[in-house]
Amino acid sequence: MVIIDLVKWSPQGSKTIYAHRFHETNLSTYTQLIVQESQEAVLFSKGQIVGKFGPGKHTLNTENLPILRSLFGIPFGGKNPFTAEVWFVNKTTPYNIDWETDSMSIHDPDYNTQLPLVSKGRYGLKISDAEKFLIKIVGTKSEFTQDDLTDQFYGEFSTRTKSTIVQFMLKHRIGFKSVSAFLADLSDYLKGTMSSFWENLGLNLTQFNITSIDIDDKTETGRKVKEAIAQQSTMSITGHTWQQEQMFNTANNAVDSFGNSSGGLIGGLMAINMMGGMGGGGAVGSGMMNPQYNQPAFAGNNQGENGQVPQQEQQVKMVYCSNCAKKFPNTTRFCPHCGDPYNPCPKCGTDNDQNAKRCISCGTSLQAEGGSCPHCNAPLTAGSTFCGSCGKQVQSSDTCSRCGTALPPSVKFCPKCGNKRSTI
């Protein structure tokens, strides 16, 4: 039996090794043990720890290891052999352990839907209790590396990480659009949550960082969500809606098929008709780009004197309320959502504020030369005695006895000089 006189370990290569077992177990009380800086040596014999040594040069005699006398009956002095496993524990702090999670589903407040998210980052671990680390983690291995650590605890680590991230985002109502601004806070929160897990294994979590939280594009659902978000961003920049984009695509396809056998004349007519519904006015018409304007009408026998379709034959369309911005049909006199009176532009039908002087959409003047009815606020023709909308009298033959101003039928005092009306 060969007795080992010198025991030491010098890590080789770039691989991170947390613990290494010396290849020989035949030692003696003359054996020299060399422990380098950032290392700790632990000796096991007959299933129990017989000694722990820090950096320096040590002799494995009964003075340093008094338990040898009870285990092997070794007396003082002399070169007495014994068997023991020597473990070297690396106590440096690696900061290069990469981690990532698989897909986690969360209800996102920004998009009001379920989003599949993935996260990744980096953390660092340092062995704080070599004895606990060797007993609970290493077991019968001869070497324990960083890869062994991440593989062994991937399942529990991933579950804890995903659960903590989802809880933090839901608690603070953090959406996908703004989650990058909270990566530092989320990293600190996760470090505090995960520290107790590693401490129980003899490790100290020195650093924990989340580098990104993103849409999981490895699944079909994730790819569709990512495409939809990108499309929404594009439309937000260009200022058009999804419906308009679909109309553009359909019109382009019709134009492409205009000259071939698959589309022919029908495709061309479809393109012209669609483009006529996307313009903002003029010869192209108005419709899709200005959805609350009147739809274009074809000339025919039903037109009025100015080429306008009679009111009773106009198509019912939706307009936006000038007060609450919600849609309602142009056949109603009041908004069904907020009760605000419908004050349509005589040209395009857009609802305007009751005090507006010009239409907010087309600029048409809303103030008639004759003013407005004091009863229903409808525009009056100059010189009108009765309102054409509600039928009530708006002018009378009475004049002020002081200044001669014409008095409306409902007033008791002259609106110009304040003189009391003689007769009501």
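The values are calculated or read from the model by the stated rules, or taken from the named source; none is laboratory data. What you see is a predicted model; the values in this text were computed from it and never measured. Virtual Cβ from ideal backbone geometry, glycine too; neighbours counted across all protein chains shown.
Out of all the residues in the stretch 30-51, is one or more of a type in the set (Lys, Arg), at pLDDT 90 or above and within 17 Å of LEU134 (Cβ to Cβ)?
Within the stretch 30-51, none of the residues are of a type in the set (Lys, Arg), at pLDDT 90 or above and within 17 Å of LEU134 (Cβ to Cβ).
Looking at the stretch 144-160, I want the residues that are free of Cβ contacts under 8 Å to residues at least 40 places away in the same chain and have a partner that is surrounded by fewer than 16 Cβ atoms within 10 Å (Cβ to Cβ) and aromatic (Phe, Trp, Tyr) with Cβ atoms under 7 Å, at least 6 apart or on another chain. Which pairs are those?
Close Cβ pairs satisfying both conditions: ARG160/PHE197.
Take the residues of the stretch 190-211 that are small (Gly, Ala, Ser) and either within 25 Å of the chain's Cα centre (by Cα) or buried (at least 18 other Cβ atoms within 10 Å of the Cβ) (or both): which is farthest from GLN167 (Cα to Cα)?
Ranking the candidates gives GLY202 first.
One line per residue, one yes/no per condition, for (1) within 24 Å of LEU149 (Cα to Cα); (2) in contact (Cβ under 8 Å) with a residue 24 or more places away in the chain:
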residue: THR83; (1), (2): no, yes
residue: VAL86; (1), (2): yes, yes
residue: GLU100; (1), (2): yes, no
residue: LEU125; (1), (2): yes, yes
residue: ALA130; (1), (2): yes, yes
residue: PHE133; (1), (2): yes, yes
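Pairs please, first residue from the stretch 382-395 and at pLDDT 70 or above, second anywhere and surrounded by 12 or more Cβ atoms within 10 Å (Cβ to Cβ) and of a type in the set (Phe, Trp, Tyr), Cβ atoms under 8 Å, 6+ apart in sequence or on different chains.
Matching pairs, first to second residue: LYS392/PHE386; GLN393/PHE386.
Which of the following residues is in contact with a Phe, Trp or Tyr (Cβ under 8 Å, 6 or more places away or on another chain) and within 23 Å of THR113 (Cβ to Cβ): THR164, THR145?
THR164
GLN39: surrounded by 13 or more Cβ atoms within 10 Å (Cβ to Cβ) and closer than 20 Å to PHE144 by Cβ, yes or no?
Judged against the criteria, GLN39 is a match.
Suppose we filter THR364, THR399 for residues that are among the hydroxyl-bearing types (Ser, Thr, Tyr), at pLDDT 75 or above, surrounded by 12 or more Cβ atoms within 10 Å (Cβ to Cβ) and within 30 Å of SER422 (Cβ to Cβ); which single one remains?
Criteria check complete, one pass: THR399.
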